[in-house]
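One structure is given below, encoded as structure tokens.
The values are calculated or read from the model by the stated rules, or taken from the named source; none is laboratory data. This structure is a prediction, so every number in the text was calculated from the model and none was measured. Neighbour counts run over all protein chains shown; Cβ positions are idealised from the backbone, glycine included. Side chains included, ligands, DNA and RNA excluded: accessible areas come from the protein's heavy atoms. Shrake-Rupley method; radii C 1.70, N 1.55, O 1.52, S 1.80 Å.
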Amino acid sequence: MAGRDTRHARRTGDRFLRWFPIVLVLVLLAAAAASYRFELGPRWFGLERADPVANPAAVAPPEGLTLPEPDAPSPVAATTDATSPLDAAKVRRALAGALGDPDLGPHVLATVAQLDDASPVFTRGAGVAMPASTMKLLTTTAALATMGPDHTFSTRVVDGGGNRVVLVGGGDPYLASRPAGGTAYPHRADVVTLARATARALRAEGTRRVHLAYDASLFTGPRVDPHWPDDYVPDGVVAPISALWVDEGRPPTGLGRVADPPAAAAAAFAAALGRSGVKVVGDPRPGRADAEAAPLASVESAPLSEIVEEVLTVSDNEGAEVLAHHVGLATGGRGSFADGARGVTRALDALGVPLRGAEVHDGSGLSREDRLAPGTLAAVLSLAASEDHPELRAVVSGLPVAGFSGSLETRFEDAAPQGRGRVRAKTGTLTGVSALAGVATDLDGNPMVFVLMADRVALEDTLDAREALDALAAGLGACHCGR
């Protein structure tokens, strides 16, 4: 028996000695791989890997090599302290060809003006035209002027008494149904974060079951502008405008619009509250929050300046309408389409913007009854670019860049490549309408305001008319238009 145990132990020892070197090599290889993959040396010992790709600064130069100190690089482009006044004849020549394009239709208005004071150096046509989405320039300027660039919109939850809580809409145009993460711009407040904060407050009080009401009474009047065509909302062109919604009134699929944005927002909040440990009993119902109700939680929107940039860059109809409703409130009216339109014109009039002939019925320019003169749009752009009004600067910084961003990202390709990067402009498009209003910088660095409007474009000429406007704007960027 003892002999058998001895032989077994010897065989076990032989196997151990035979496999130990192999196992040891595998362990060392694995450790080396882990150290390389996860950079354990730098983490554990404060060592930097001398990798010429990942960390070239840690690679020591060869012995005996002396490297000279690097020189400061010269500017990519020459700087200039001043710009030249625009030469009317040069501007006219830059526009001469494309301005007569028959695809633009029989009613074309154009203005090119000095950026600093909006004084025109070239005009074509007179009167007013349908602005389409260039109307958003007026709305966003009025919003910044009346509320300030740092203003935010709060969505709150308050105690409704008797195990009832009230979700109160504050007119945040970008309130989201779920957290967007750190990459979204501008920042989106969301009802999931709001629900978690609300649940913490309720659980601290020992409450785990509540009834939910929702209050969207900040905005009044109809949710659909009576000056819009009847098919806009049914066809998903725009959502019913509300002080409480998520995802701008879009369903989870992102396609179309929901019929009742406040109810959809409340449902999303209720679901998030349930996942956070507080059950909502029954269905959420509309209601009013008491003005003195105790607050439970709130979330804040991005600053207004960032919201304005987004509205202009992507030509956001819903966002613009919400801002117009806020302008109505900020100018002494109510949060409605009618008071929003009046508030926008009042705010611009106070800024000295000429409004002769203007007809404003909404904030987005979706109404086919809106009318503006090119001079009005040029004055707004000049004002926003002025050093005297830094609070309005987001109107200029939010303009799409030709061939690069927003609603101009895919434009200025084949028809007008010389305008890429030299033109920043707000687009305006409706059936039969094409407009472009913004800032162009010529080859000598001279900036200018331009407004181009054509509102009798034949349907079959829609894309060609758009290319003609692009060519006109690009012509300004490609000229030597200074004196």
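Does the range 89-145 come out rounded, prolate or oblate by the C-alpha gyration tensor, with a ≥ b ≥ c the root eigenvalues, rounded set by a/c under 1.5 and, if not, prolate when a/b is larger than b/c and oblate if not? Oblate. Computed from the C-beta positions of ARG288 and SER397 and an R0 of 35 Å, the FRET efficiency is 0.35 to the nearest 0.05. Each Cα pair under 8 Å and six or more residues apart adds its separation to the average, and for the range 379-446 the resulting relative contact order is 22 percent. Relative to the dominant Cα principal axis of the chain, helix 304-314 is inclined by about 80°. Couplings for the range 446-455, taken from phi via the Karplus curve 6.51 cos²θ - 1.76 cosθ + 1.60 with θ = phi - 60°, read 7, x, 8, 8, 9, 9, 10, 9, 9, 10 Hz in order; Gly and Pro are left as x.
With a simple spin-label model that places each label point 7 Å from the Cα along the Cα-to-Cβ direction, the separation between GLU69 and ASN163 comes to 7.6 nm.
Within the same chain, aspartates and glutamates fewer than 8 places from LYS90 are excluded, and of the rest, those with a Cα less than 12 Å from its Cα are ASP442. Rounded to the nearest 10 degrees, the angle from helix 88-99 to the longest Cα principal axis of the chain is 80 degrees.
Over the chain, accessible surface divided per residue gives 49 Å², non-protein components excluded, 1.4 Å probe. Counting only lysines at least 8 places from LYS426 when in the same chain, those with an alpha carbon closer than 17 Å to its own are LYS136.
Taking every DSSP bridge with both residues inside the chain, close to 80 percent are antiparallel.
So, with a 1.4 angstrom probe, what is the percent of accessible area on the chain that is carbon and sulfur? C and S fraction of accessible area: 54 percent.
Counting only protein heavy atoms and using a 1.4 Å probe, the accessible area of TYR185 comes to about 120 Å². Against the chain, whose longest principal axis is taken from its Cα atoms, helix 191-204 shows a tilt of about 60°. Highest average first, the peptides 334-347, 113-126 ordered by how many other beta carbon atoms sit within 10 Å of their residues are 334-347, 113-126. Can you tally the net charge around THR207? Count Lys and Arg as +1, Asp and Glu as -1, for every other residue whose Cβ sits under 14 Å from the Cβ of THR207. Cβ neighbours under 14 Å give a net charge of +4. Determine the shape class of the range 179-219: with a ≥ b ≥ c the square roots of the Cα gyration tensor eigenvalues, call it rounded for a/c under 1.5, and otherwise prolate if a/b is greater than b/c, oblate otherwise. The shape class here is oblate.
Per-residue extension of 0.36 nm, minus the Cα-Cα distance of THR462 and ARG200, leaves a gain of 88.9 nm for this segment. With the cut-off at 1.5 for a/c, could you classify the range 319-449 from its C-alpha gyration tensor as rounded, prolate or oblate? Note, shape of the range 319-449 comes out prolate.
Going by accessible surface with a 1.4 Å probe and the largest first, HIS151, HIS325, HIS361 read HIS151, HIS361, HIS325.
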